[in-house]
1. What's the angle, to the nearest 10 degrees (0 to 90), between helix 2-29's Cα axis and the longest principal axis of the chain?
2. Which values of log₁₀ I(q)/I(0), to two decimal places, follow from the Debye formula for the stretch 1-63 at q = 0.21, 0.25 Å⁻¹ with a uniform point scatterer at every Cα?
3. Considering only protein heavy atoms, what per residue accessible area in square angstrom results for the stretch 87-160 with a 1.4 angstrom probe?
4. Report, to the nearest 10°, how far helix 45-70 tilts away from the longest principal axis of the Cα atoms in the chain, using its own Cα long axis and a range of 0 to 90°.
5. How far is it, in nm, from the label point at ALA52 to the one at GLU79 when both lie 7 Å from their Cα along the line to the Cβ?
6. Which value, in debye to the nearest 20, gives the size of the charge dipole of the chain about its Cα centre, when Lys and Arg are +1 and Asp and Glu are -1 at the Cβ?
7. Could you compute the FRET efficiency for TRP137 and ALA13, with r as their C-beta to C-beta distance and R0 at 41 Å, rounded to 0.05?
8. Check each of the GluC sites (Glu not before Pro) in the stretch 48-157 and keep only those in coil by DSSP with at most 12 other C-beta atoms within 10 angstrom; list them in order.
Amino acid sequence: VRRIAAASSAAIALLVVAGGIAVAVSLLVHSTETQRLLTSLAPDAAGFVAIALISIGYLPTMVVWGVSYILGTGFTVAEGLIIGPFAAPATGELPLFPLLGALPQQTPPGAQALPLIGLLSGLLAALILKRRGSRGWILVGEAAASLAVAAGLLLLLLLAGSGALGAGRLVHLG
């Protein structure tokens, strides 16, 4: 059980770290757009603090979206607007929220290879099982159990990263 827990945790950790890196890179690449959205809202000091706190609070959700993007499924930002490496280029209008300026409007070059990170997370789990003494059919069984646990944890993460942020155009997130 400990080997399965360690392997599953490592696989999910790799995906979460990769999702976080994807969000950080996207924030850097699209920093001009996020800044433009912020200034277009013209917040006063209290409004700026509110936007900053909401943005900081929403970063974990964006990391989960990063994981979803990396795995190839993508995520929904507005009704009918799917962002993902295999989705058609975004044509809908995004809600005016600064963090959403970091979302890619076009699929970046090489993005279709990102789902290989999911494969790497599975290989990492198998490597951990093997290094901890799993062999033969035991390794196969523990790898299958680790996959089931990791899939369950990933499902919980993805469910936590979906849902509405208020009403109106921010109701279809995740």
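The values are calculated or read from the model by the stated rules, or taken from the named source; none is laboratory data. Small disclaimer: the values here were computed from a predicted structure and weren't measured. Every residue, glycine as well, gets a Cβ built from its backbone with ideal geometry; the counts of neighbours run over all protein chains shown. These area figures cover heavy atoms from the full protein model, side chains too; ligands, DNA and RNA do not enter into them. Shrake-Rupley method; radii C 1.70, N 1.55, O 1.52, S 1.80 Å.
1. 30 degrees
2. -0.90, -1.07
3. Values: 4470 Å² over 74 residues.
Spelled out: the 1.4 Å probe surface of the stretch 87-160, per residue, equals 60 Å².
4. With both axes taken from Cα atoms, the answer is about 40 degrees.
5. Using points 7 Å along Cα→Cβ, the separation is 3.5 nm.
6. Details: 8 positive and 5 negative charges, 182 e Å.
Magnitude of the dipole: close to 880 debye.
7. Numbers: r = 27 Å, r/R0 = 0.65.
After rounding to 0.05, the efficiency reads 0.95.
8. Numbers: sites: GLU79, GLU93, GLU142; in loops: GLU79, GLU93.
In loop regions of the stretch 48-157 (DSSP not H, G, I, E or B), the sparsely surrounded GluC sites (Glu not before Pro) are GLU79, GLU93.
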